[in-house]
Structure formats: C-alpha cells, structure tokens
Amino acid sequence: MKKLLLLTFMSIFVSTLFAQQLYIDAFSGYNITAYQDAPEYSEGVGYVPIGGRIGGGLEHVQLGVEYQQQIKNPIFSFTDDVGVGTFDEEFITRYYGGFIRGNLSSLPAYRFGLVLMAGVGQYETEVNRTNLVSGTMETIEYEPTLGYNFKIGISSPIYTILHWEFGYQINMVDRPENLPLASHNAIHHSFQAGLSLNFVFGNVAKKCRRVIDTGSSGRGWR
C-alpha cells in the first residue's frame, strides 16, 4: 500500500511541475453511510465532510492529491431489547489520496463541463465508543486502510477561472474486524459542492485566449 501511494504522489508531483493547467478545489457537502456486511451498521447515517484538492496536467486531464476530514461525524446508536440506549459509536475518518480528473468541455478553465474523477488513497479511522449506561468512552483505532472513490459532476465558471462545482461521489473501503467492532465494507455516498480555481499556462493559455477573443468555439461545452 505504501509503495502504491508513493508512486501515485511522485507521478502527481511530476505532472504538476510540467502542467498546462493547474486545478485547486475546496469542497464540502453531505455524506450518507451505506455500510455493508454488518447489520448493526445497515441504517444510513448522514454527516458533513470538508476537504481540498490540488492537481495539474493537461488541459482536459489532471493528476492531483486530495485531503478530506469531517466537521460532523457519523454516529451509530444501539439499544437493548427494551429500547434503552446502550452504546454510541462515532466514526472519525481522515483521507489522504491521489486522483485523476477529466473535464469534458471545449475550454475546461473557462466553460461549463462534465467532470469525471477517480481516486485511491489511505483512510485513517478511529471510533469513539461510548457506554451510555456507565458514561465511559473508549477509542478504537483501525490500521490505515487503502480505499477508492469515483465521482461524476459538473463544473461551471462564476467569473473567468473561478468555478462552482457539484457532483456525486461513491467511496469504498473495507474495514476488518476490530473487536468489539464488526468487519464491514464502509461504502458512503457523497454529494459535494465546492469552488475551484483553474489556471492555464503556455500554449494552452494562448489557445484559450484566442478562442475567447474570436468566439470560434461558440458557447458551452462540447
């Protein structure tokens, strides 16, 4: 896992050094758990993430790095047979990873476009497990685990290179048994909104300026 992440980050670093386009994004949104293979986590729980991305590369395709954490965590509540609360489990996760991003637009830095993204990275998770009867809490840590994500969305300019972005992302990481926590496939759905800056350089910048000045590509993406 460490070798894969190191190779990913080295590729991204080289890509950014020679980038024709630089992409910087800050985002938040709303996540919903869809944990599988453990009935106690089957109910969807909502929570709020915050994160950022930076990438570089060609005009339509960039490689980049991403960091994400939570400003509100998912909490699973458990009760006994008569409905009295027994435990709360709060999942606290941080994510570090790399991504590849494509924008299907005539001028991605300046016009509306369909965005596709895929990522791989490390999920670091700890669980605060609170005993509601005794009022005590223990923290259970998972080993850092490799996971994946896939996103589809749209990007559109607010003013020149400043864009708003909206998209849907699915995230997947397998968490092993970590007693007293059951093993489960920690899938969650993410509905993201953010602001991005899209800088262009060299020949790409000249091409974009020429197209904008002449209006030869019309409006919108294609």
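The values are calculated or read from the model by the stated rules, or taken from the named source; none is laboratory data. Predicted model, so just to flag it, every value in this text is computed and none were measured. Neighbour counts are summed over all protein chains in view; Cβ atoms, including those assigned to glycine, are modelled from backbone coordinates with ideal geometry. SASA here: full protein model, heavy atoms, side chains in, ligands and nucleic acids out. Shrake-Rupley method; radii C 1.70, N 1.55, O 1.52, S 1.80 Å.
With angles folded into 0 to 90 degrees, how steeply does helix 202-214 sit against the dominant principal axis of the chain? Use alpha carbons for both and round to 10. Approximately 70 degrees, to the nearest 10. When the Gaussian network model of the chain links Cα atoms closer than 10 Å, the mean-square fluctuations of Val84, Val120, Val61 top out at Val84. In segment 96-222, with Lys and Arg counted as +1 and Asp and Glu as -1 at Cβ, which of these residues, Gly135, Ile158, Gln122, has the Cα nearest the positive end of the dipole, that is, farthest along it? Of the candidates, Ile158 comes out farthest on the positive side.
Among Asp88, Asp80, Asp174, the residue with the largest mean-square fluctuation in a Gaussian network model of the chain, with springs joining Cα atoms closer than 10 Å, is Asp80. Computed over segment 87-153, the P(r) curve from all C-alpha pair distances, binned at 5 Å from the origin, holds 4, 15, 15, 13, 11, 11, 9, 7, 6, 4, 3, 1, 0 percent per bin.
For segment 10-141, the convex hull spanned by the alpha carbon atoms encloses 126 Å³ per residue.
Placing +1 on each Lys and Arg Cβ and -1 on each Asp and Glu Cβ, with no other charges, gives the chain a dipole about its Cα centre of roughly 1940 debye. Per-residue ellipticity at 222 nm, computed for the chain from helices alone with -39500 (n - 2.57) per DSSP H run of at least four residues, works out to -4000 deg cm²/dmol. Take every Cα pair under 8 Å whose residues are at least 6 apart in sequence, average their separation, divide by the length of segment 47-201, and the relative contact order is 16 percent.
Calculate, for the chain, the solvent-accessible area per residue in square angstrom, rolling a 1.4 angstrom probe over the heavy atoms of the protein chains.
51
Could you please state how large a percent of the accessible area of segment 119-175 is carbon and sulfur, counting protein chains only and using a 1.4 Å probe? Here it works out to 60 percent.
Projecting the Cα positions of Ala182, Val84, Gly147 onto the charge dipole of the chain (unit charges on Cβ atoms of Lys, Arg, Asp and Glu, taken about the Cα centre) puts Gly147 furthest along the positive direction.
Take the Cα gyration tensor of the chain, multiply each eigenvalue by 5, square-root it, and list the three semi-axes largest first, rounded to whole angstrom. Computed over the chain, the values are 41, 18, 12 Å.
Comparing Gln169, Ala193, Gly113 along the charge dipole axis of segment 81-222, the residue lying farthest to the positive side is Gly113, per the Cβ-charge model.
Per the Cα gyration tensor, segment 94-222 maps to an equivalent ellipsoid with semi-axes of 43, 14, 12 Å, ordered largest to smallest.
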